[in-house]
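Since every read-out is calculated from the coordinates, none of them should be taken as a lab result. Not measured: the values here are computed from a predicted model. Cβ placement follows ideal geometry from the backbone for every residue including glycine, while neighbour counts extend to all protein chains displayed.
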Amino acid sequence: MPFPPLFTCDRLHWRLFERYKIVAPYSITGNALMMNILTLCSSLSLLLVLALIRTNRLRSTRPLPPGPKGLPLIGSLLEIPSRLLFLKLVEWSNQSGPLISYKVLGQVIVVVSSAKAAGDILDRLSAKTSDRPRYIKAEYLTHNMDFGFVNRGAFWRTQRRAAHESLNVRAAKDFQLVQNEESRMLVEGLLLHPEIDIAKHIYRHSSSVAWRVIYGHEALKLEVDEPGLPSDSFFAPLLLAAVPGGSIVDILPFLHPLISRSKFIRRYSDEWYERASAFFVKAHVAPQVEGMPSLSAKLKELGEKIGMSGDEDCGWLGGTLYIAAQDTTATSLKWFLIAMLLHPQAAAAVRRQLDQVVGNRFPTFEDMDNLSHIHAIIKEVLRWRPPTPTGVPHAASEDIMYDKYLIPKGAILIANSWSIGRDPSMYPDGETFDPSRFLDEQGDIKPSSPDSHDNYPVFGHGRRICVGKTLAINTLLIAVARLLWAFEFEPVRDEHGQLLPDPMKFRDNGLTVWPAEFQIRLVPRFPDLLDRLDVSPEEG
Ligand code: HEM
């Protein structure tokens, strides 16, 4: 059965199908096929008319920010890579400046690549720039239950407030107990099980912190997965769907009526939703470890007072946080290890401070005020290799005049945190990994620059700023301090010499970008390391 005309084997078809792994509608036959062709053709014509109207409307006002011209009507569709969008955005920003725009089928996408522009547009104008673009594929997957992907409205506000109640700077202190225990387990696991891939240790650690903080259950084990716990790859479709152009239905929204009516095409998303929903709700309602603080426990206690009483709402709030937390934290730790392999002098500088401040005992949260180098190294890792280099896109809810440009209502706004972290006015020589850029002459952390969010531009902006920022930083602080204290990191060698990772080799996981697989050898710094880890959770 041939494809409908739209899907003939041209470059566009190949790119779309190669990227989105769309199942060709081979099963559509006869009249149904004719109807679908007609629907598609009429929808396409409608879309082209809309694109023309939009283009003309914009031409009559101020210009859009500069950027690639693209082709008539389809804009830059063919220039957008199917993977690692951020590399293309960085290239265009380097050519055209800190505020650029491009179009895909009439949709305007504005990319913000300097700290000042991000501060002006995404922070100070956040009343107009904190919506999310519509993510149709994510809607199929989550049924609009993930508040990170929905527009501002009553549901977003209630969920965001409940998340903030449990994760703000003060509340996050309650979870240091979990972070202590988990970072100790990470070191112990790496020491006792060097045969297990380091990525698996890290994945267990970051997932387990999130799992315990959110649902209050026992720690996740390295070997035995929690029954029914979705693997990291399970969440990948959602992370992919949240990148602009990350799904075919978001590029060609006229397919939505067709897809939404076809149970056959939607069945994967529907099954995904059922499985995710069952898992999150079960995790929320199951009894928690007694006395353990957790988001679920708080929701059960406060319930209706904060408008969060239904198990589905509560389960999905936990699920939203779990998805947002585990992969971003694990990705940061992987980039940290790569940075340490490539820059052993930076690791040595931190260890000198660790040896002075904590000596032979296990570092604790109480040491953190005296460990400026640990803070600096985390800021630098997240600046140098932001785990979410294109952030989570915002949308403009009104026309905005910025500088001499128009950012039209409905434009998708991308905070290009890769380039913001290389903004020469704040981070000169941005390609170089140099944690000392954050330290003053006394070795203390320097006051942060304006619009830098405490030199953590990677956590986003405005009303949408990452709600788990403090939790994430605390998880990283204690894990990084303990890893550097416990081990020397060495590259693995083969007959040709050292196998050093290539920091420009990436694995695209949608919103997060991982380093390509790498190998590392961890050498304990103390012969009796295992005994030194034996601390009570309160001390630890
Ligand atoms: C290093 C780790 C992390 C990074 C780099 C990161 C980064 C981000 C970014 C860039 C955004 C989008 C902000 C914006 O739209 O301007 C975001 C949003 C979000 N983050 Fe994180 N995040 C991390 C850890 C966490 C953790 C640990 C949690 C939860 C426990 C979390 C929960 C969320 C949620 C729920 C949102 C959506 C907020 C909303 O739309 O209102 N994140 N994060």
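Exceedance of the 25 Å cut-off in Cα-Cα distance is limited, within the set LYS103/LYS334; LYS88/LYS137; LYS200/LYS263; LYS128/LYS505; LYS200/LYS298, to LYS103/LYS334; LYS200/LYS263; LYS128/LYS505; LYS200/LYS298. The peptide list 354-361, 238-245, put in order of mean Cβ contacts within 10 Å with the highest first, becomes 238-245, 354-361. Rounded to the nearest 10 degrees, the angle from helix 469-486 to the longest Cα principal axis of the chain is 40 degrees.
Working from Cα positions, state the angle (0 to 90°, nearest 10) between the long axis of helix 85-96 and the longest principal axis of the chain. It works out to around 80 degrees. Could you state the angle between the C-alpha long axis of helix 154-167 and the longest principal axis of the C-alpha atoms of the chain, as a value from 0 to 90 degrees rounded to the nearest 10? Helix 154-167 and the main axis of the chain meet at about 10 degrees.
Every helix of 4 or more DSSP H residues in the chain counts as -39500 (n - 2.57), and over all residues that averages to -15000 deg cm²/dmol at 222 nm. When you count the other C-beta atoms within 10 angstrom of each residue and take the mean per peptide, 464-471, 512-519 line up highest first as 464-471, 512-519.
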